[in-house]
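Peer 1: This structure is in structure tokens; I'll ask about it shortly.
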Amino acid sequence: MGSFPTLCTMSDAVVLVVGGGGREHALALGLIESPSVGSVHVAPGNAGTAMVATNHAVSASDIDGIIGLAKTIDAELVVVGPEGPLVAGLSDRLREEGIPSFGPHAEGARLEGSKEYAKQVMLDLGVPTAAVIRVEAHDAIDDALDSFSSPWVVKRDVLAGGKGVTVTEDRNIAHSTISDAIDTDGFVLLEEFMAGEEASMLVLMDESGYVCLPASQDHKRVGEGDTGPNTGGMGAYAPAPVVTDSVKMRAIEEIVEPMHAHLSTQKIPYRGCLYVGLMIDSEGTPRVVEFNVRFGDPETQVTIPLIETDLNLLLGACANGSIADIDVSFHNAATMTVVLASEGYPGTANTGRSLRGSDVRIEEGALRGFIHHAGTRQDGAEIVSSGGRVCSATGIAPTLNGAASIAYRLMDSLELEGSHHRRDIGYRAL
Ligand code: AMP
Ligand code: GLY
């Protein structure tokens, strides 16, 4: 009996990646290395994705434009990087058109789109997280501040790329931050401070099952020793040793299992990455800091290189609701990425400057290193900066020490006027 061709035998799949940051460069690289993939397209991409894939000048937020592009190129899979288009319903629209999309529908994306909604879901399911108070009146601020001790955690319920959160020991700052947020947003969340160490657990899930990718650790503060304002992320490494086997088991049992049971039984099941931001206390108890409904940036840059399985088959199975059918394996290696940021970031970034050295690679047996592009664009023969996080230097090695030394060797070869980076990425694990 003749058999139908299956996904596994195809080597010509057309995949569209939506977004233009370091995460999308990492996804494009992982997909282009997948034996089942014929071509990778990126919208809008950056100077790095242009080297391995076909960029299209369509903004990630242009839902109609992305749908039109996916149809034009006959995409068999769309992998959505950023949260904005997911919250706006890109996956819903793609699925209506019969195009498999990796990334949840708008309802599922509310877990990131609204911190208040995510808290309610966690409360309903008994998922461990910080206590929270909603503050909506100026005369309620002092009582709310009295309910928790310093430091205070003030969260605007808006999509702010990790920058809508203020953690402060100064009551006056907490007060004015709450007051300002009430004026602009109508309300704000005040949360219990959770002490401990953070880690990111990226979980690929659909209604058939889930796969936990190796845990990583991001460095959200701009300054060394985790000081200064929050950023989108200044560097990451994986696997993060703070997620011991026992922490992982607890996180799966207490967080991932109930979330999966909930999300997989919705009218429209969740299909995509659930990013579980964990706070792990000194006793190894994990609690949820936040959910994101997409891959992390820069966590993706250190996670994708650890996946041995064909990435297109893995993400494609998830987009089609059959992830349980995939055998997933990982490389026994460590990865680190160090972000090079523009002058001014995380405030107003000075962009449009020439970036040199981004083509340097290291290939020394088991030691590998290369640059993930983020806010870059090609300008004639030059690559110029076009965003706050410009690129990141990534090292892959048998040990974390090895990965760090590769990443920092690469960082030394990068030149961008006024740029800054952290010299202590991975310090908790090294
Ligand atoms: P979020 O956008 O909710 O992930 O918050 C950004 C960052 O603020 C987190 O990565 C943490 O470093 C910090 N943070 C948020 N919520 C808390 C909390 N309840 N306790 C301690 N730190 C927090
Ligand atoms: N690196 C944090 C995030 O992607 O939200």
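The values are calculated or read from the model by the stated rules, or taken from the named source; none is laboratory data. Values in this document were obtained by computation on a predicted structure and should not be read as measured data. Cβ sites come from the backbone with ideal geometry, for glycine too, and all protein chains shown count toward neighbours. Each accessible area value is taken on the protein alone, full model and side chains, heavy atoms only, with ligands, DNA and RNA left out. Shrake-Rupley method; radii C 1.70, N 1.55, O 1.52, S 1.80 Å.
Peer 1: Might you check whether a residue that is within 14 Å of ligand 2 (Cβ to nearest atom) and touching a residue at least 24 places away in the same chain (Cβ under 8 Å) occurs anywhere in the stretch 346-358?
Peer 2: yes
Peer 1: What's the number of the condition E169 fails, among (1) open to solvent by 50 Å² or more (accessible area, probe 1.4 Å); (2) touching a residue at least 40 places away in the same chain (Cβ under 8 Å); (3) within 13 Å of ligand 1 (Cβ to nearest atom); (4) not aromatic (F, W, Y)?
Peer 2: Condition not satisfied by E169: (2).
Peer 1: Which of the residues belonging to the stretch 172-206 are more than 15 Å from ligand 1 (Cβ to nearest atom), open to solvent by less than 40 Å² (accessible area, probe 1.4 Å) and part of a helix (DSSP H, G or I)?
Peer 2: S179, I182 - these are the residues of the stretch 172-206 that are more than 15 Å from ligand 1 (Cβ to nearest atom), open to solvent by less than 40 Å² (accessible area, probe 1.4 Å) and part of a helix (DSSP H, G or I).
Peer 1: Same structure again: Mind counting the residues in the stretch 266-316 that are in contact with a His (Cβ under 9 Å, 6 or more places away or on another chain) and without any contact (Cβ under 8 Å) to a residue 60 or more places away in the chain?
Peer 2: Total meeting the criteria: 1.
Peer 1: Follow-up question, since we're still on this one. Within the stretch 42-82, track down each residue that is open to solvent by 20 Å² or more (accessible area, probe 1.4 Å) and part of a loop (DSSP other than H, G, I, E, B).
Peer 2: Answer for the stretch 42-82, where residues must be open to solvent by 20 Å² or more (accessible area, probe 1.4 Å) and part of a loop (DSSP other than H, G, I, E, B): H56, A57, V58, S59, S61, D62, I73, D74, E76, P82.
Peer 1: Where in the stretch 264-352 are there strands (runs of 3 or more DSSP E), lying fully within it, with 1 or more residues that are open to solvent by 50 Å² or more (accessible area, probe 1.4 Å) and within 16 Å of ligand 1 (Cβ to nearest atom)?
Peer 2: 286-292
Peer 1: Let me ask something else about it. Looking at the stretch 207-218, I want the residues that are more than 16 Å from ligand 1 (Cβ to nearest atom) and have a partner that is open to solvent by 20 Å² or more (accessible area, probe 1.4 Å) and small (G, A, S) with Cβ atoms under 6 Å, at least 6 apart or on another chain. Which pairs are those?
Peer 2: From residues that are more than 16 Å from ligand 1 (Cβ to nearest atom), the pairs are E207/S264; S208/S322; S208/A324; G209/A324.
Peer 1: Determine, yes or no, whether T166 is assigned to a helix (DSSP H, G or I) and of a type in the set (V, I, T).
Peer 2: In short, no.
Peer 1: Out of (1) touching a strand residue (DSSP E or B) at 6+ places or on another chain (Cβ under 9 Å); (2) within 28 Å of T285 (Cα to Cα), what's the single condition that is false for I141?
Peer 2: Here I141 meets the rest and fails (2).
Peer 1: Sticking with this structure for a sec: Output the strands (runs of 3 or more DSSP E) that fall wholly within the stretch 376-430 and possess 2 or more residues being touching a residue at least 60 places away in the same chain (Cβ under 8 Å) and within 19 Å of the chain's Cα centre (by Cα), or say none.
Peer 2: Here the list reads 389-397.
A quick yes/no check of all residues on (1) farther than 14 Å from E197 by Cβ; (2) crowded, with 18+ Cβ neighbours inside 10 Å; (3) within 10 Å of ligand 2 (Cβ to nearest atom); (4) modelled with pLDDT of 95 or more:
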residue: V211; (1), (2), (3), (4): yes, yes, no, yes
residue: A215; (1), (2), (3), (4): no, yes, no, yes
residue: G223; (1), (2), (3), (4): yes, no, no, yes
residue: G228; (1), (2), (3), (4): yes, no, no, no
residue: G232; (1), (2), (3), (4): yes, yes, yes, no
residue: A240; (1), (2), (3), (4): no, yes, no, yes
residue: S246; (1), (2), (3), (4): yes, no, no, yes
residue: M249; (1), (2), (3), (4): yes, no, no, yes
residue: E253; (1), (2), (3), (4): yes, no, no, yes
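Peer 1: For the stretch 126-166, which positions are away from ligand 2 (no atom under 16 Å from the Cβ), closer than 28 Å to P269 by Cα and surrounded by 15 or more Cβ atoms within 10 Å (Cβ to Cβ)?
Peer 2: Of everything in the stretch 126-166, those that are away from ligand 2 (no atom under 16 Å from the Cβ), closer than 28 Å to P269 by Cα and surrounded by 15 or more Cβ atoms within 10 Å (Cβ to Cβ) turn out to be V127, P128, T129, A130, V132.
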